[in-house]
Amino acid sequence: MWREGVFTLKALVNYDEKPGSVELREVDSPVPGPGQVLIKVEATGVCGSDIHIWKGPVSWKMKRPLTMGHEYAGSIVEVGPGVTLWHAGDRVTGETAAEICGRCVYCRTGNYNLCPERKGYGALYDGSMAEYMVVREGILHRIPEELTFVEAALTEPSAVAFNAVYVKSKVVPGDFVVVIGPGTIGLMALQMVKLSSPLKTIMVGLSKDEVRMGISSSFGADQLIYSDREDAVELVKKYVDGHGADLVVDAVGLAATIDLSLKIVRPNGQITKIGWDPNPFEGSIDTLVAKAATMQGSFSHTWTTWERVLSLAAKKKLDRSPMFKTFTMSEWHEAFKSMDNLSLAKAVLIP
């Protein structure tokens, strides 16, 4: 064992549901239990959900006080009882399902991301915005030699996008695809779509998204539409073939983007919703019926998705470099503000 006794470490903690209830605190070091490993965190991404937690309140269940973060990469420093496949020094990244029941139909069929007893890091289980974290061995993935810790920490949002585009959706070469929302997930969804050789891709955003819309262009978006100053419905029809998009990826999820998705999807087309919004949708979805279109949600990811994304990144099929900037843990407030004011698409915290 690499240490003796319990020591304290720095962690970014959400301690109340009130806005702004986040601070760096000294917390007790976690101890790996059976089937778990202790990781020295070398990089952790800041997710849009972390910004929502900081600004508060949120619509999902939270345990407080709680160490935030769920996008991580680091090195194993200690293995718990029963762990034989992993060793101290292994470079790893991992999924977000900190705990699952292992018994339900979803766990038994490999869809453990939908387990009703699932506890996610940074929500119901202490997460990665700390010097060390505990991870169960079943969700660990080895980091390819070609990837840095920072690049590996970006696997989680990439896997969310892969799941939405290739697992939940049916996208084929030659499709017309529209992505709504140039946030981290939307930008990664755009990159995933480009791998399928679409005929045309369109990114829809707002005037305040200027920086991230520019990144969309660098990622290969054929057209940019600013929906607060242009008629997005007419422009989509103009830029494609007059019938609408084969696939609409809604990475925002607000009532307005649901309505827009219904208007721009073509007959027999698909809408895949990734973005969250706790407010009720009060519009009509009769358009979905009239167009015989398909609409589905997409949540999280699974083992296979992660392995594919890591392989794509190692082979330089994905380029996340224009998206992110690194900050030290003590600079977390600046990192959060940079994402909140949209001057930065992605922040990554490092020791």
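In the set Val160, Val171, only one residue is assigned to a loop (DSSP other than H, G, I, E, B) and either free of Cβ contacts under 8 Å to residues at least 24 places away in the same chain or closer than 19 Å to Leu312 by Cβ (or both); that residue is Val171. A Cβ distance below 6 Å, combined with a sequence gap of six or more or placement on separate chains, defines the contacts here; from region 48-70, residues that are under 16 Å from Glu23 (Cα atoms) and outside the structural domain of Gly253 (by TED's automatic domain parsing) reach residues that are modelled with pLDDT under 95 and surrounded by 16 or more Cβ atoms within 10 Å (Cβ to Cβ) in the pairs His52/Val58.
Residue-wise test of (1) of a type in the set (D, E, K, R); (2) within 24 Å of Ile185 (Cβ to Cβ); (3) assigned to a loop (DSSP other than H, G, I, E, B).
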residue	(1), (2), (3)
Pro19	no, yes, yes
Arg25	yes, no, no
Pro32	no, no, yes
Val37	no, no, no
Asp50	yes, yes, no
Ile76	no, no, no
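Taking the criterion of being in contact (Cβ under 8 Å) with a residue 60 or more places away in the chain, more than 22 Å from Cys47 (Cα to Cα) and part of a loop (DSSP other than H, G, I, E, B), the only residue of region 174-183 that qualifies is Asp175.
A single member of Arg266, Arg229 is assigned by TED's automatic domain parsing to the domain that holds Met203, farther than 21 Å from Lys194 by Cβ, touching a residue at least 12 places away in the same chain (Cβ under 8 Å) and among the basic types (Lys, Arg), and it is Arg229. When Leu288, Leu312 are checked against the criterion of being in contact (Cβ under 8 Å) with a residue 60 or more places away in the chain and in a helix (DSSP H, G or I), a single residue qualifies: Leu312. The residue list Val79, Val46, Val13, Val22 contains one member that is buried (at least 17 other Cβ atoms within 10 Å of the Cβ) and more than 22 Å from Val348 (Cα to Cα), which is Val79. So for region 101-120 (the condition being surrounded by 17 or more Cβ atoms within 10 Å (Cβ to Cβ), closer than 20 Å to Ser300 by Cβ and over 20 Å from the mean Cα position of the chain (by Cα)), does at least one residue qualify? Yes, there is a match, as at least one residue in region 101-120 is surrounded by 17 or more Cβ atoms within 10 Å (Cβ to Cβ), closer than 20 Å to Ser300 by Cβ and over 20 Å from the mean Cα position of the chain (by Cα).
Given the criteria assigned by TED's automatic domain parsing to the domain that holds Ser49, modelled with pLDDT of 95 or more and either of a type in the set (Lys, Arg) or assigned to a loop (DSSP other than H, G, I, E, B) (or both), does Gly127 qualify? Yes, satisfied.
Among all residues of region 265-285, there is none that is part of a helix (DSSP H, G or I), at pLDDT 95 or above and not charged (D, E, K, R).
Screening the candidates Val236, Val252 for the property of being in contact (Cβ under 8 Å) with a residue 12 or more places away in the chain and either within 21 Å of Lys170 (Cβ to Cβ) or in the same structural domain as Lys61 (by TED's automatic domain parsing) (or both) yields one hit, Val236.
The values are calculated or read from the model by the stated rules, or taken from the named source; none is laboratory data. A quick note: this is a predicted structure, and the numbers were derived from the prediction, not measured. As a convention, Cβ positions derive from the backbone with ideal geometry for all residues, glycine included, and neighbour counts pool all protein chains shown.
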